[in-house]
There are 2 protein chains.
Amino acid sequence: MTISGTETGATSRLAVHDRVYASLRDALITGRIAPGLGVSLRSLAADLGVSPMPVRDAVRRLAAERALAINPANKRLSVPSLTADRLEQLALARSLIEPELAQRAAEQTDAVLISRLRRLDATVDLALAEGDVGRYMAANHAFHFTLYRHGRAEVLLTLADSLWLQIGPFMRVVFGRIGTLGLAADHHMAALEGLQQRDPMAVRRAIAADIAMGMDALRADGVSQPTDAAED
Amino acid sequence: MTISGTETGATSRLAVHDRVYASLRDALITGRIAPGLGVSLRSLAADLGVSPMPVRDAVRRLAAERALAINPANKRLSVPSLTADRLEQLALARSLIEPELAQRAAEQTDAVLISRLRRLDATVDLALAEGDVGRYMAANHAFHFTLYRHGRAEVLLTLADSLWLQIGPFMRVVFGRIGTLGLAADHHMAALEGLQQRDPMAVRRAIAADIAMGMDALRADGVSQPTDAAED
DNA sequence: GCAGGCCAATTGTGATCACAGTTTCGCAGG
DNA sequence: CCTGCGAAACTGTGATCACAATTGGCCTGC
């Protein structure tokens, strides 16, 4: 399995461990690493062409964000496995945090934000039409966080960040299984409408609905089973 | 400044970086490290009598939880400084997450939990009576998280953990400044009452009130100024 | 007396190595 | 053919070193 996605460049200025973190994070958010799968510092380092040291830093960071799990017994690393309980908690937490961020963003919206979001939503639709799961996951993430970042709420944004990192594997599994049935974009449109109308509460409701719907899709698929991955 | 608090022992089985993490975490939660203060890997390592390596691991973890800040320019470490905006966000996030945890805990309460909480609440009261800020902070933390842990909601618990880590310095500053005026314990009693009566919603309300009150105290003290610490 | 520049100390980062624990795989014995 | 055992490979952990960047202080020159 290769971790490194599309090398976007311009990251050369960052520290090595930051680039490693970004790579792993992207791989997790877009679901490129299967849940339950074990990883190791040295293998990741070899994959990314760096020494184990910066990988260790990045992994520690991801473990702190619960995007990677550390087996307390043998200290080995793995992608957290999917359980119904975890999903319910993530859904609840998202529904508490993200609508607030959306509302705050809407309260200080501007034209450039709206146009950027329109462009991202178009990418989402395109990815859905093409059935490109990876691109859909990336574009959907970009849409939400371009909006959220505009809320200028660093603390809440960090929480949302961590939650998406944890829920990425879930989404990938379900979309990989049932295909990208054309459901997602609708609430994005409603959110954009709310932004245009300067109606923060409408944006809040739209995002809340978007989250609820995505979570229902995950629930309906029944990801409760351990999902050992690796099989096949 | 010494970081290491009361060495509780029994931690000798853990990895070194875990003990370092626990030490720093405890120092932050009880507010033993002043906000805005700069720290360095080597100085911390010297303080704790270990090599810089495990300190580096622990610091990375704390930085990921936003309990420590890394200056993006010179990469230097510091305790996050206190701003009114950060406080508001932390207050909001706490009020969203923690009542939920309290309710879940209450829904599966048992006698041993109640008695443990009673004992901890007594310690809180004692610390308040004695004006022992450090002990109060530790006991208050123990009370809340003994309750929260009982909710068996790992994801939400992690979020609450991170929030307390961030809000510790605020609490220490205000209690150090205005003294531990005897306000805090009341809602603990209401929560215990709710647990006894098997009334989860009452427990939820009590915890929500407890958070709101603590946050009001912080707000009233006006921690908005940069608070360079270090002075005096 | 004060400003500016130079040098030493300190910083985080990354590589490399040693080590102990665990896992894994193959081979020998039944 | 199956079961056990032992060695080899692999795991995370921690220490030590080198390095570039930044900081801080001292001294010189005005």
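If we scan segment A:50-62, do we find a residue that is within 16 Å of DNA strand C (Cβ to nearest atom) and not in a helix (DSSP H, G or I)? Steps first, answer last, please.
Our first condition is that a residue be within 16 Å of DNA strand C (Cβ to nearest atom); within segment A:50-62, this holds for A:50-62.
Narrowing further to those that are not in a helix (DSSP H, G or I): A:50-51.
Looking through segment A:50-62, at least one residue is within 16 Å of DNA strand C (Cβ to nearest atom) and not in a helix (DSSP H, G or I).
Limited to segment B:30-39, what total is found for residues that are within 12 Å of DNA strand C (Cβ to nearest atom) and either over 19 Å from B:Q166 (Cα atoms) or β-branched (V, I, T) (or both)?
Counting residues in segment B:30-39 that are within 12 Å of DNA strand C (Cβ to nearest atom) and either over 19 Å from B:Q166 (Cα atoms) or β-branched (V, I, T) (or both) gives 1.
Step by step: first the residues of segment B:91-108, then only those that are farther than 21 Å from A:L163 by Cβ and buried (at least 22 other Cβ atoms within 10 Å of the Cβ), then the one that is nearest to the other protein chains (Cβ to nearest Cβ). Which residue is that?
At the first step, the residues of segment B:91-108 found to be farther than 21 Å from A:L163 by Cβ are B:105-108.
Still in the list and also buried (at least 22 other Cβ atoms within 10 Å of the Cβ): B:105-106.
Numbers: B:A105: 14, B:A106: 16 Å.
Ranking the qualifying residues of segment B:91-108, first place goes to B:A105.
If you scan segment B:121-146, which residues turn out to be over 16 Å from B:T30 (Cα atoms) and touching a Phe, Trp or Tyr at 6+ places or on another chain (Cβ under 8 Å)?
Across segment B:121-146, the qualifying residue is only B:D121.
This table checks each residue for (1) crowded, with 17+ Cβ neighbours inside 10 Å; (2) under 14 Å from the mean Cα position of the chain (by Cα); (3) closer than 19 Å to B:S23 by Cα.
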site: B:R116; (1), (2), (3): no, no, no
site: B:A122; (1), (2), (3): no, no, no
site: B:L128; (1), (2), (3): yes, no, no
site: B:G131; (1), (2), (3): no, no, no
site: B:Y136; (1), (2), (3): yes, yes, yes
site: B:A139; (1), (2), (3): yes, yes, yes
site: B:F143; (1), (2), (3): yes, yes, no
site: B:H150; (1), (2), (3): yes, no, no
site: B:E154; (1), (2), (3): no, no, no
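Only one of A:L24, A:L28, A:L62 is surrounded by 15 or more Cβ atoms within 10 Å (Cβ to Cβ), more than 17 Å from A:T158 (Cβ to Cβ), away from DNA strand D (no atom under 11 Å from the Cβ) and not hydroxyl-bearing (S, T, Y). Can you tell me which?
Of A:L24, A:L28, A:L62, the one residue that is surrounded by 15 or more Cβ atoms within 10 Å (Cβ to Cβ), more than 17 Å from A:T158 (Cβ to Cβ), away from DNA strand D (no atom under 11 Å from the Cβ) and not hydroxyl-bearing (S, T, Y) is A:L24.
Which number in (1) more than 10 Å from DNA strand C (Cβ to nearest atom); (2) modelled with pLDDT of 85 or more; (3) in contact with a Pro (Cβ under 9 Å, 6 or more places away or on another chain) marks the one condition that A:D47 misses?
(3)
Between a residue in segment B:33-45 that is assigned by TED's automatic domain parsing to the domain that holds B:R66 and over 12 Å from B:L82 (Cβ atoms) and any residue that is more than 13 Å from DNA strand D (Cβ to nearest atom) and assigned to a helix (DSSP H, G or I), which pairs come within a Cβ distance under 7 Å, given they are 6 or more apart or on different chains?
The qualifying pairs are B:I33/B:A27.
Considering segment B:65-80 alone, what residues qualify as being more than 16 Å from DNA strand D (Cβ to nearest atom) and not acidic (D, E)?
B:R66, B:A67, B:L68, B:P80
From the list A:A106, A:A73, A:A93, A:A15, which one is among the hydrophobic types (A, V, I, L, M, F, W, C) and under 16 Å from the mean Cα position of the chain (by Cα)?
A:A93
Quick one: which of A:R204, A:R152 is within 14 Å of another protein chain (Cβ to nearest Cβ), assigned to a loop (DSSP other than H, G, I, E, B) and among the charged types (D, E, K, R)?
Matching residue, one of A:R204, A:R152: A:R152.
Count, please, the residues in segment B:5-44 that happen to be among the polar types (S, T, N, Q) and at pLDDT below 90. Give the derivation first.
From segment B:5-44, those among the polar types (S, T, N, Q) are B:6, B:8, B:11-12, B:23, B:30, B:40, B:43; that's our starting set.
If we keep only those that are at pLDDT below 90 as well, we get B:6, B:8, B:11-12, B:30.
Residues flagged as among the polar types (S, T, N, Q) and at pLDDT below 90 within segment B:5-44 amount to 5.
Only residues in segment A:107-121 that are over 19 Å from A:A202 (Cβ atoms) and outside any helix (DSSP H, G or I) count as the first member; pair them with residues that are at pLDDT 95 or above and among the hydroxyl-bearing types (S, T, Y), Cβ under 8 angstrom, at least 6 apart or cross-chain, and list the lot.
none
Considering only segment B:35-55, state which residues are away from chain A (no Cβ under 14 Å) and more than 8 Å from DNA strand D (Cβ to nearest atom).
B:P35, B:G36, B:L37, B:V39, B:S40, B:R42, B:S43, B:L44, B:A46, B:D47, B:L48, B:G49
How many residues does segment A:56-75 contain that are among the small types (G, A, S) and within 8 Å of chain B (Cβ to nearest Cβ)?
Counting residues in segment A:56-75 that are among the small types (G, A, S) and within 8 Å of chain B (Cβ to nearest Cβ) gives 2.
Given the criteria without any contact (Cβ under 8 Å) to a residue 24 or more places away in the chain, under 24 Å from B:P52 (Cα atoms) and within 16 Å of DNA strand D (Cβ to nearest atom), does A:L14 qualify?
Numbers: without any contact (Cβ under 8 Å) to a residue 24 or more places away in the chain: yes; under 24 Å from B:P52 (Cα atoms): yes; within 16 Å of DNA strand D (Cβ to nearest atom): yes.
Criteria met by A:L14.
Just to verify a result, which residue in segment A:65-90, among those that are among the β-branched types (V, I, T) and surrounded by fewer than 21 Cβ atoms within 10 Å (Cβ to Cβ), is nearest to DNA strand C (Cβ to nearest atom)?
Quick first cut of segment A:65-90, residues among the β-branched types (V, I, T) only: A:70, A:79, A:83.
Okay, now just the ones that are also surrounded by fewer than 21 Cβ atoms within 10 Å (Cβ to Cβ), so A:70, A:83.
On the way: A:I70: 13, A:T83: 21 Å.
In this case the residue turns out to be A:I70.
The values are calculated or read from the model by the stated rules, or taken from the named source; none is laboratory data. Remember, it's a predicted structure, so these values are computed and weren't measured experimentally. Cβ: placed from backbone, ideal geometry, glycine included. Neighbour counts: every protein chain shown.
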